[in-house]
Amino acid sequence: AGGTGGTGGAEGTGELVLYYQPTIELRSGTVTGFEALVRWNHPVRGMISPADFIPLAESTGLIRPLGQWVLAEACRQGVEWGAGDPDRVLTMAVNVSGRQFDQTDLPAIVAGVLADTGLPPERLCLEMTESVLMTDTEENLAVLLSLKAIGVRLAIDDFGTGYSSLAYLRRFPVDTLKIDRSFVERIGGATPDAALARTIVQLGQSLGMATVAEGIEQYAQFLALRRMGCDLAQGYYFSRPLPADEAGALLRDPA
Ligand code: G
Ligand code: G
Ligand code: MN
Ligand code: NA
């Protein structure tokens, strides 16, 4: 790790690693991208989930250097996998915390990473939760508009679980809705209910936004989402998040 200015944090010691979960185009079944998911490989405690350290990083402010390292490493990996080739359609998605969107220099940081790595802006997708849209300040809107002006894509993660109103979706320049896996779960679960997932797909279509179904674990869910017209999907049915070498192998040699 390194190259983005050591912070003395875990990334400086090589303990932070990125795993990659493929995104599959439902129509064709091909891998069209990856979501980068950070892990902390602690020398004593082993692999620690981001669910256990991201909240701490957010409350201490360390999320900013950590997030910048994740962004740079994911973009570098994307270019290594050919995301910079004009004939290769490969998108790298990176989770960005609300604390990072509060930084007015986030667009400059993103532009710097794109310039350093050579990843075309449209190949990068920044995932945010609905809470970012609800922090409805002029500063926040300005940051999102500047990111849009750079040309990166913006996605709402875990869509449907927050309290953002439809008006926010119009106000903010969002490209992609990621359907929370709780809605996908209900399609194949004990009490199947596809209504909410279908509604989100239709909402995306009406607003000209792509939809991604998260947490697909069963063939029946894959079929149902494809029939609904959902564009992309992720989930254990296709692949768990993988270390970079295994994820790269998936690209060369699709299952
Ligand atoms: O990969 P896993 O399912 O363990 O992720 C748990 C949570 O951590 C998810 O909500 C995911 O979005 C979040 N997460 C994973 N990697 C990152 C990251 O690099 N930055 C931020 N802010 N969140 C992340
Ligand atoms: O909040 P976000 O969507 O970024 O979180 C992604 C998390 O979801 C990752 O930690 C990943 O491990 C997890 N995940 C991905 N696919 C599946 C799945 O099919 N089932 C379950 N239960 N979790 C999944
Ligand atoms: Mn995500
Ligand atoms: Na999500």
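The values are calculated or read from the model by the stated rules, or taken from the named source; none is laboratory data. Since the model is a prediction, treat every value here as computed from it, not as a measurement. Here Cβ is always computed from backbone atoms with ideal geometry, including for glycine, and neighbour counts include all displayed protein chains. Only protein heavy atoms, including side chains, enter the accessible area calculation; ligands, DNA and RNA are left aside. Shrake-Rupley method; radii C 1.70, N 1.55, O 1.52, S 1.80 Å.
Okay, here's what the table says:
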quantity	calculated
Packing-based order for 62-72, 128-138, 162-172, using average beta carbon neighbours within 10 Å, highest first	62-72, 128-138, 162-172
Over the chain: helical MRE at 222 nm, DSSP H runs n ≥ 4 each giving -39500 (n - 2.57), nearest 500	-12500 deg cm²/dmol
Interchain or long-range residues, amide H under 5 Å from E127's placed H	V94, N95, V96, A155
Whole-Hz ³J(HN,Hα) from phi, Karplus 6.51 cos²θ - 1.76 cosθ + 1.60, for segment 246-251, glycine and proline x	6, 5, x, 5, 4, 6
Residue-normalised accessible area of segment 112-209, given per residue in Å² at a 1.4 Å probe	47
Average Cα contact separation per residue, segment 57-192, under 8 Å, 6 or more apart, as relative contact order %	21
